[in-house]
Amino acid sequence: PLYSSAASDVYKRQPLTKPVSVKIRGDNFEDLRAVTSHLQSFLETVESVSDISSDDSPGRNELNLKLNYESINRIGMDPQSVTRSIRLFVDGEIVTFMQSEGEKIEVRVKAQSNDLAGIDELLSQSITTPSGAQVALRELVHIETGRSRESIRHYNFRRTITLEADIDREKINEVQVNNLIKNEWGEIKINHPNVSLDFSGALDDIQESLDAMLLLFLFGISLIYLLIGTQFKSYFQPLMILVTVPLAFIGVVIGLIITQNPLSLYTMYGIVALTGISVNSAIVLIDAANTRRKAGMNSVHSIVFAARRRVVPILITSFTTIAGLLSLALGLGGNSLLWGPVASAIMWGLAVSTLMTLFVIPLLYKTFSR
């Protein structure tokens, strides 16, 4: 072409993308629209799926002019001259730039006319041939009118239409909906060999979050080991302290079983936060035991003395933290699907790890201390 004039509950929604987001990729828009229409009709038949939409939106009306090379050659004109004349009629041509008060201004040359109020007026404009004759523009071009595309989106170097939908998570989840779409696509993809599907949406966000979460967890564990090892001047005692981390995980699992809640992404956030909290009780115990060892006690007497003297401060510290999270975890002031699982994971993990630390850490200290 030479020229173209171109409400669900907020807590049930993902912050960035919809739970169902399928990228339909190909090279031909007709195939892409056929697949999109079929999958959209299929999703409309699935219960608990709503707000189905795609980003294949029509644009504005457009006029496409293509050169009529047969007519151009017959009158002896250069196709580039015709193209340039059309550009001068419509947009004009930038011939130079100038500066004014620090701003760059384009100097544009347009054909002297007339405000073109319609297509017929544009096509009636005359172009001078090499022989000096006047030829109407409509005799030198093929004319096509229609609707343009609002935008042409690409994903991995192929044209893409994205199909999105919301779901009712009380009846169905993202994995189940995506599996239904995969099964339906398996039945029709033989008719569309040049089209492929890419599943993203909330599943991509979850996978990305889990990958980042694993790195943060490992970084946190390494930093805790480094700080404790520097303070205690020991390579092994930080490992004894880090035993409380799996003890905290046991508490989270117990809490999920009791409350009948799933292991969600936000629960994982709580587990990562719990890593730095659960080690506090073990640090207090081992520090007190090391102080008694330096005073001349043996390992058994020192850890028993430390446990007796530190049990009340440990319990008070842990249970005041649990009390602060209790209302948020139980939803006493209103349920939050974002912060509720985080508070619940910290509360249950801290409660169990604190109680088990009072028994496990003394046994480890007695066993491995020389």
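The table that follows gives values for the structure above.
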item: Residue within the stretch 330-343 that is under 18 Å from residue 259 (Cα atoms), open to solvent by 60 Å² or more (accessible area, probe 1.4 Å) and modelled with pLDDT of 85 or more present; result: no
item: Test: residue in the stretch 312-320 that is in contact with a Lys or Arg (Cβ under 6 Å, 6 or more places away or on another chain), open to solvent by 20 Å² or more (accessible area, probe 1.4 Å), part of a helix (DSSP H, G or I) and over 30 Å from residue 169 (Cβ atoms); result: no
item: Elements of type helices (runs of 4 or more DSSP H) in the stretch 173-282, at least 1 residues being at pLDDT 85 or above and open to solvent by 80 Å² or more (accessible area, probe 1.4 Å); result: 174-188, 202-232, 237-242, 244-259
item: Residues (under 48 Å from the mean Cα position of the chain (by Cα) and among the hydrophobic types (A, V, I, L, M, F, W, C)) located in the stretch 50-81; result: 52, 63, 65, 67
item: Lone unmet requirement of (1) outside any strand (DSSP E or B); (2) open to solvent by less than 50 Å² (accessible area, probe 1.4 Å); (3) closer than 30 Å to residue 50 by Cβ for residue 89; result: (3)
item: Selection within the stretch 29-51 - open to solvent by less than 40 Å² (accessible area, probe 1.4 Å) and under 21 Å from residue 188 (Cβ atoms); result: 29, 32, 35, 36, 39, 43, 46, 49
item: Single residue of 355, 350, 325 found to be assigned to a helix (DSSP H, G or I) and surrounded by fewer than 19 Cβ atoms within 10 Å (Cβ to Cβ); result: 355
item: Looking only at the stretch 93-124, and only at residues there that are under 26 Å from residue 144 (Cβ atoms) and either among the basic types (Lys, Arg) or at pLDDT 80 or above (or both), the one that is nearest to the chain's Cα centre (by Cα); result: 93
item: All positions within the stretch 283-305 that are open to solvent by less than 60 Å² (accessible area, probe 1.4 Å) and of a type in the set (Gly, Ala, Ser); result: 288, 289, 299, 302
item: Any hit, the stretch 93-107, residues being acidic (Asp, Glu), part of a loop (DSSP other than H, G, I, E, B) and open to solvent by 80 Å² or more (accessible area, probe 1.4 Å); result: yes
item: Unique residue being over 30 Å from residue 190 (Cα atoms) and touching a Gly at 6+ places or on another chain (Cβ under 9 Å) when the list is 68, 61, 73; result: 61
item: Qualifying residue in the stretch 344-362 (condition: out of contact with any Ser or Thr (no Cβ under 9 Å at 6 or more places or on another chain) and more than 27 Å from residue 256 (Cβ to Cβ)); result: yes
item: Residue check, residue 145 modelled with pLDDT under 80, of a type in the set (Ser, Thr, Tyr) and either outside any loop (DSSP other than H, G, I, E, B) or surrounded by fewer than 12 Cβ atoms within 10 Å (Cβ to Cβ) (or both); result: yes
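Quick grid of which residues meet (1) more than 28 Å from residue 230 (Cβ to Cβ); (2) over 36 Å from the mean Cα position of the chain (by Cα):
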position	(1), (2)
286	no, yes
293	no, yes
298	no, yes
305	no, yes
309	no, yes
321	no, no
325	yes, no
331	yes, no
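The values are calculated or read from the model by the stated rules, or taken from the named source; none is laboratory data. As the structure is a prediction and not an experimental result, all values here were calculated from the model. Note that we place each Cβ from the backbone using ideal geometry, even for glycine, and neighbour counts take in every protein chain shown. The accessibility values were calculated without ligands, DNA or RNA, using every heavy atom of the protein model including side chains. Shrake-Rupley method; radii C 1.70, N 1.55, O 1.52, S 1.80 Å.
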